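Beneath this line is the structure, given in structure tokens, with notes to follow.
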Amino acid sequence: MGNKKAKLKSSSNGNPQRNGRMGTVASGRPDKDISGNTHLRTYSIPDLRLEHPNFTVRQLTDKNRQGHEHVRYEVEGDLNAPVPPIRDSKHLDKKQAIEIYRWMLLNRKMEVALENLYKQGKVVGGVYFGLGQEACSCASSYALDEDDWFAPMIRNQGSLLVRGFRASDTMMQYMAKADSPTKGRDGTSHFGDIEKRNMVSPISMLGDLIPVMAGVALGARLQGRNLAVMTYIGDGGQSTGVTYEGINFAAVQNLGLVLIVESNLWAYSTPSEMQYRCKDLAERAIGYGIPGVIVDGTDACQVYDAALEAVDRAHRGEGPTLIEAKMMRMKGHAIHDAASYVPKEMFEFWKKRDPIVRFENYLVKEKKWLSTKENEVLITEVEEIIEAEREIAVNSPMPTPESAEGGVFCENGCHEVKPKYGMPKVKKGTASYKETEAAVHLK
């Protein structure tokens with residue numbers, strides 16, 4: 001992240017890039033400013049992956065005997081490539097790496113428990129899974145400081161665990177139990193904690209969290225703090241207009257937004273090839289004038305390093321960063337979706353790149369930071385925790401009917417909205433100052 005000169009090398013799109021540096025780098029034709037100084041336009045995006053999968057998905061239309069059309073997808077390319085190694089982290093030590101591995105295990109086993117609860121008829125509504133995305137959720141949120149803010153999406157349940165929520169909180173939420181974060185008023189992920197954990201509730205309208213988090217960063221800056229605010233968007237959701245508006249606002253205002261684009265190949269049942277034309281979504285950072293980087297979303301070390309460097313930039317007041325994490329959504333959109341539209345060969349390719357299996361092999365066999373026995377003990381402990389959390393969730397009562405009328409409207413000064421970090425730094429006598437004063441005393 002410093003100013004040291006680095007040797008240029010070729011990126012995935014054929015453009016030169018700086019080795020190990022996040023952000024756009026010099027390439028293209030030189031320009032001169034009015035003083036006659038020469039500048040180089042910046043075009044390419046660093047790609048930290050050790051593998052660049054080479055396959056594409058095509059849409060085909062078949063007709064049955066009755067003449068009805070049936071749409072299916074076919075994958076072409078090299079699907080037998082060897083699994084790449086985990087890239088050594090520039091920042092993680094032994095203890096931290098094992099902690100992230102533990103959160104990933106907890107994330108996976110919590111979702112397995114949720115799937116079983118659904119099949120037992122104990123879940124109200126559907127369930128959304130982040131299978132294959134545990135490294136992205138856990139390692140990215142692990143890079144945040146305690147005062148930083150985050151806003152997860154439905155597949156980032158691992159980030160909730162890292163930031164202090166219990167597995168039983170998520171289970172009870174899906175079961176609409178009285179002890180859930182929303183006291184049974186919601187059956188999915190729409191809950192947050194702005195008091196202790198600095199979590200903004202997920203918003204189902206994809207992309208809307210981005211301007212909200214930019215606003216959080218702006219509010220903190222007005223109070224004298226440069227904070228990192230992290231949120232996520234999928235490769236489908238990033239096409240929404242509000243996504244562009246939110247990133248652009250953060251870029252123009254130089255706000256500490258850390259946006260993780262979870263490029264997981266399928267927007268519900270639509271493949272990436274039918275969503276956007278550019279090769280890598282991180283390239284869109286160029287249009288905003290902000291740093292962008294591509295990482296292997298199944299490699300916890302790559303995710304953590306990119307996230308930490310983006311968080312550090314935010315803390316220094318250097319503005320937003322876009323991180324594209326490449327991986328695959330290994331289940332359907334939700335539990336009701338069997339993902340039959342996904343070619344089986346794609347599933348097989350990404351199963352071999354299971355982020356937990358890869359990280360386990362890295363810690364046990366490559367780094368030898370965990371012995372086989374220590375790993376078995378850790379797995380057993382996580383399983384015991386999940387079983388205890390499941391019991392808490394199952395035994396929590398359903399909310400009483402009369403409780404439904406509470407917590408709907410804020411009446412009679414139920415809470416006070418006040419600055420979290422101090423009085424906003426606004427000049428007295430201005431319209432902004434008067435508005436700030438009114439907001440501080442709002443009840």
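Could you work out which residue, out of GLY246, GLY237, GLY77, moves most in a Gaussian network model of the chain, that is, has the largest mean-square fluctuation with Cα springs under 10 Å?
Looking only at GLY246, GLY237, GLY77, the biggest GNM fluctuation is shown by GLY77.
Any idea how far the Cα center of the range 256-270 sits from the one of the range 349-366, in Å?
Taking the Cα centre of each part, the range 256-270 and the range 349-366 sit 22 Å apart.
For GLY125, enumerate residues with amide H under 5 Å from its amide H, sequence gap 5+ or separate chain, H modeled in the peptide plane.
Under 5 Å from the amide H of GLY125: no residue qualifies.
Which order, highest average first, do 134-143, 288-297 follow once you tally other Cβ atoms within 10 Å for each residue and take the mean per peptide?
134-143, 288-297
Give me the dipole magnitude in Debye, nearest 20, for the chain about the Cα centre, with unit charges on the beta carbon: positive for Lys and Arg, negative for Asp and Glu.
Here the chain has a charge dipole of around 1280 debye.
Taking only the alpha carbons of the range 314-417, what extent do you get along each of the three principal axes, in Å, biggest first?
Here the Cα extents, ordered largest to smallest, are 60, 44, 40 Å.
Rank-order 227-234, 270-277 by packing density, defined as the average count of other C-beta atoms within 10 Å over each peptide's residues, highest first.
By packing density, highest mean first, the sequence is 227-234, 270-277.
What is the percent carbon and sulfur in the accessible area of the chain, measuring with a 1.4 Å probe over the protein chains and ignoring ligands?
Looking at the chain in its full context, I get 51 percent from C and S.
Quick check: the distance between the Cα centres of the range 381-420 and the range 274-295, to the nearest angstrom?
That distance is 39 Å.
How far apart, in nm, are the 7 Å Cα→Cβ label points at VAL357 and ARG72?
For VAL357 paired with ARG72, the spin-label model returns 2.5 nm.
Can you list the residues, at least 5 places off or on another chain, whose amide H is less than 5 Å from the amide H of GLY234, using H built in the peptide plane?
GLU262
In debye, nearest 20: dipole of the range 248-352 around its Cα centre with unit charges on the Cβ of K, R (+) and D, E (-)?
My answer is approximately 220 debye.
Pop out the ³J(HN,Hα) list for the range 76-92 in order, Karplus 6.51 cos²θ - 1.76 cosθ + 1.60 with θ = phi - 60°, rounded to Hz; leave Gly and Pro as x.
10, x, 7, 9, 10, 5, x, 6, x, x, 6, 7, 4, 6, 7, 10, 6
Using the Karplus curve 6.51 cos²θ - 1.76 cosθ + 1.60 with θ = phi - 60°, work out ³J(HN,Hα) for each residue of the range 152-165 in order, rounded to whole Hz, and write x for Gly and Pro.
x, 10, 4, 9, 9, 5, x, 5, 5, 5, 4, 8, x, 6
Counting only DSSP beta bridges with both residues in the range 146-280, tell me the antiparallel percent, nearest 5.
Once the DSSP bridges in the range 146-280 are tallied, antiparallel ones form about 25 percent.
Taking the highest mean first, how do the peptides 369-376, 383-390, 126-133, 322-329 order by number of other beta carbon atoms within 10 angstrom per residue?
322-329, 126-133, 383-390, 369-376
Where both partners of a DSSP beta bridge lie in the chain, what percent of those bridges are antiparallel, to the nearest 5?
Given both bridge residues lie in the chain, the antiparallel proportion sits at roughly 50 percent.
Considering the dipole of the chain built from charges on the beta carbon (Lys and Arg +1, Asp and Glu -1) around the Cα centre, which of ALA113, ILE286, ASN64 is farthest to its positive end?
Going by the Cα projections, it comes out as ILE286.
Can you list which of the DSSP-assigned H helices in the chain have a Cα extent of 30 Å or more along the long axis and an average Kyte-Doolittle score of at least 1.6?
Both cut-offs are met by no helix.
The values are calculated or read from the model by the stated rules, or taken from the named source; none is laboratory data. All figures in this text were calculated on a predicted structure; none of them were measured in a lab. Positions of Cβ are generated from backbone atoms using ideal geometry, with glycine treated the same way; all protein chains shown enter the neighbour counts. Side chains are part of the model used for accessible areas, which takes the heavy atoms of the whole protein and leaves out ligands, DNA and RNA. Shrake-Rupley method; radii C 1.70, N 1.55, O 1.52, S 1.80 Å.
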